[in-house]
Amino acid sequence: MIDEGGAAPCPRILVIVPAYNEEASIATLLQRFETVRRSLPNLDLLVVDDGSIDGTVSEVRRMGVAVAPMPIHLGIGAALRTGFRHAVDAGYDGAIQLDADGQHDPCEIRRILVGLADGADLVIGTRFDPADEVPGDRYLPSAQRALAMRWMRLGVRLHTGARHTDPSSGFRGFSRPMCESFAREYPLDYLESVEALISAHLLGFRVVEVPITGRARVAGVPSHRGHRLGFHYLRMWMALMLQRRRRA
């Protein structure tokens, strides 16, 4: 289909925001997104609430944004799989994942869109940009998180042979085929972003990184802290090793 100007229409993209107890930050994010949407009308927004026990759902509805409330807390993986399923069923050409805690600037959605337009299936917004293409302060994780990220990078490289600077980033773009795959088999546990990245490589999808600005969360508490981060990290690698054995 061609528009009156003779150019191909922009692809329809669903922006998926998984949220859990983000009442304090979600309104600011949605306001920023609406500003971006004025120049990118091909974007639609869906907040998938992962069983929040605060006023997240009420706040999203007050803002007039579509929300899919899950009956219980199942984790970000289940929330994202729900979003991918909706994107596929509703006929979207792709999707973008945007965290609800304010760490990502919706204005940088354009960077993700460029990666998808160039033919990538999975576009990862990296907070670690060696070329300094993004202005502003660098993202500086805690010592514990920095160590975990080093191991994640190493693990991804060992499993796939590919180098990625930010395998746990929650700012990502997905092609239509990638959405179809993840709507069926997206990892459901913590650190699902790393498992999804490795799965995308193993399934033969094209994966690229684009630079974004890293920010601290606006409010709330990170879900991966202390001994929980270590536990989920070990669980993830055990699952990946079993996955490799099954594939072999």
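Using heavy atoms of the protein chains and a probe of 1.4 Å, the accessible area assigned to Ser52 is about 30 Å².
Per-peptide packing, taken as the mean over residues of other Cβ atoms within 10 Å, places 201-214, 91-104 in the sequence 91-104, 201-214 from highest down.
These residues, Leu158, Leu46, go from largest to smallest accessible area, 1.4 Å probe, as Leu158, Leu46.
Ligands, DNA and RNA are left out, and with a 1.4 angstrom probe the accessible area of region 7-133 is 42 Å² per residue. Within region 45-98, all pairs of alpha-carbon atoms sorted by distance into 5 Å bins from zero give the percentages 4, 19, 30, 24, 17, 5, 1. When only Cα pairs below 8 angstrom with a gap of at least 6 residues are kept, region 1-128 shows a relative contact order of 32 percent.
The values are calculated or read from the model by the stated rules, or taken from the named source; none is laboratory data. Every value quoted in this text rests on a predicted model; they were computed, and no experiment measured them. Virtual Cβ from ideal backbone geometry, glycine too; neighbours counted across all protein chains shown. Side chains included, ligands, DNA and RNA excluded: accessible areas come from the protein's heavy atoms. Shrake-Rupley method; radii C 1.70, N 1.55, O 1.52, S 1.80 Å.
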